[in-house]
1. Rounded if a/c is under 1.5, else prolate if a/b beats b/c, else oblate: with a ≥ b ≥ c from the C-alpha gyration tensor eigenvalues square-rooted, which is region 203-277?
2. Test of the criteria: in region 35-92, which trypsin sites (Lys or Arg not before Pro) are in a DSSP loop and have at most 14 other Cβ atoms within 10 angstrom of their Cβ?
3. From the cross-link list K3/K176; K147/K315; K59/K132; K121/K355, which pairs have alpha carbons spaced over 31 Å apart?
4. At 1.4 Å probe radius, can you tell me the per residue accessible area of the chain in Å²?
5. Spelling out what I want: for every residue of region 121-128, take phi, set θ = phi - 60°, compute 6.51 cos²θ - 1.76 cosθ + 1.60 (Karplus), and round to whole Hz; glycine and proline get x.
6. Give the residue list of chymotrypsin sites (Phe, Trp or Tyr not before Pro) in region 1-89 that are DSSP loop and have at most 16 other beta-carbon atoms within 10 angstrom.
7. Quick check for me: using +1 on Lys/Arg Cβ and -1 on Asp/Glu Cβ, what's the dipole size of region 304-373 about its Cα centre, in debye to the nearest 20?
8. Charges on Cβ only, +1 for Lys and Arg, -1 for Asp and Glu, centred on the Cα centroid of the chain; of M246, P303, A331, which one is farthest towards the dipole's positive end?
Amino acid sequence: MKKLGFGLMRLPLSDAGNPQSIDLPQVCRMTDCFLEKGFTYFDTAYPYHQGASEVAARKALVERHPRASFTLADKMPTWLITDSGDYQKYFDEQLARCGVDYFDYYLLHALDKKNYADTLKHGGFAFMQQLKAEGKAKRVGFSFHDKAEVLEQILAEHPEMEFVQLQVNYVDWESKSVEARRCYETATKHHKPVIVMEPVKGGLLAALPPEAERLFKAARRDASSASWALRYAASLDNAAVVLSGMSNFDQLADNVSHMQDFAPLDGAERKVVEAAAELLNAGSAIPCTACQYCVDGCPQNIPIPKYFTLYNDRKRFRLAPNHANSYRNLAQSHGKAGDCIECGQCEVACPQHLKITELLKEVSAVFDAPAQKK
Ligand code: SF4
Ligand code: SF4
């Protein structure tokens, strides 16, 4: 299997304000080109495009191409499960939305410490084994968003899981909050192939600050910033597939051109990427490790590490509107940065001794102020 996978979570839209308005003719063209060039892996999930991604997979892929010509991955929305009977209900709905009678890869979506505990409680792992026995999921695994020690626990307790989907990219490789390297090494130690998600960090590594872009252009004038990020992830020996959430035909053409005759990064190229990572990470404003110790006691329910991550990314990368949207989405169900009452509980809990109350004022100045002006 070729290493590039088509992530169906940021598809082109006909109405930018409506995530369900997928531009199906363009997705059909992208799908056809992807298959023509010899790529086969497609990745969707229940919540992508508010349910419309799975339907687009049916219309652009399943209804237009022989079932054996592609590999389709889908994911169980673990956070929506409240009862063991829900697994079958969601799975049947996904089969119908996608128009298939089996998935090639099927994942428990977004396991972290909490979702893992809930999945254990509701019998999610037994359900995955049932799907495998019935032939409705050819391979079973999970996508993961937490620290390496939690991954170690899951893989030790569930060796029947066949693969893991991890967030791996060159800026997060040594990150203390994402622990990409440690998670990758944990999966490798357990002999689980890794499906890489977010190799371009949600598009951030495709739009670099000029000083980082200059490094890449000096090394290879013809290569896009996104292609460096994809090749970095794909160069990992245990990366089975690298997913790219492609948003238009041009992005797909660029990704495909760099991944068709894929060559791993050589030593000199690896040094260029490492220099870019160092430069980008030097711009990190808040050294939060996302350990979450500060979160539980906050009377204002402020998602402190998530806001710090958005703030750091806003400082480092050029795609400011995405960060404002992410902040607004989070603030709908949590306290805003400006809601902090300076009770100080979080600062006592923080092992990095961060002046959280002061830092939240900076976050508020960046994200709350523009929102209030509207
Ligand atoms: S100081 Fe602010 S952010 Fe920290 S726990 Fe209190 S209200 Fe929450
Ligand atoms: S306790 Fe400190 S380092 Fe940990 S998530 Fe909170 S702010 Fe970040």
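1. Oblate.
2. Of the trypsin sites (Lys or Arg not before Pro), the ones in loops of region 35-92 whose Cβ has at most 14 other Cβ atoms within 10 Å are R64.
3. Where the Cα-Cα span goes over 31 Å, the pairs concerned are K121/K355.
4. Numbers: 16600 Å² over 374 residues.
Dividing the accessible area of the chain by its residue count gives 44 Å².
5. 4, 8, x, x, 6, 5, 4, 4
6. Sites meeting the loop and neighbour criteria: none at all.
7. 380 debye
8. M246
The values are calculated or read from the model by the stated rules, or taken from the named source; none is laboratory data. Predicted, not measured: the structure shown is a model, and the values here were computed from it. In this analysis, Cβ positions are derived from the backbone assuming ideal geometry, glycine residues included, and neighbour counts consider all displayed protein chains. All accessible areas refer to the heavy atoms of the entire protein, side chains included, with ligands and DNA or RNA removed. Shrake-Rupley method; radii C 1.70, N 1.55, O 1.52, S 1.80 Å.
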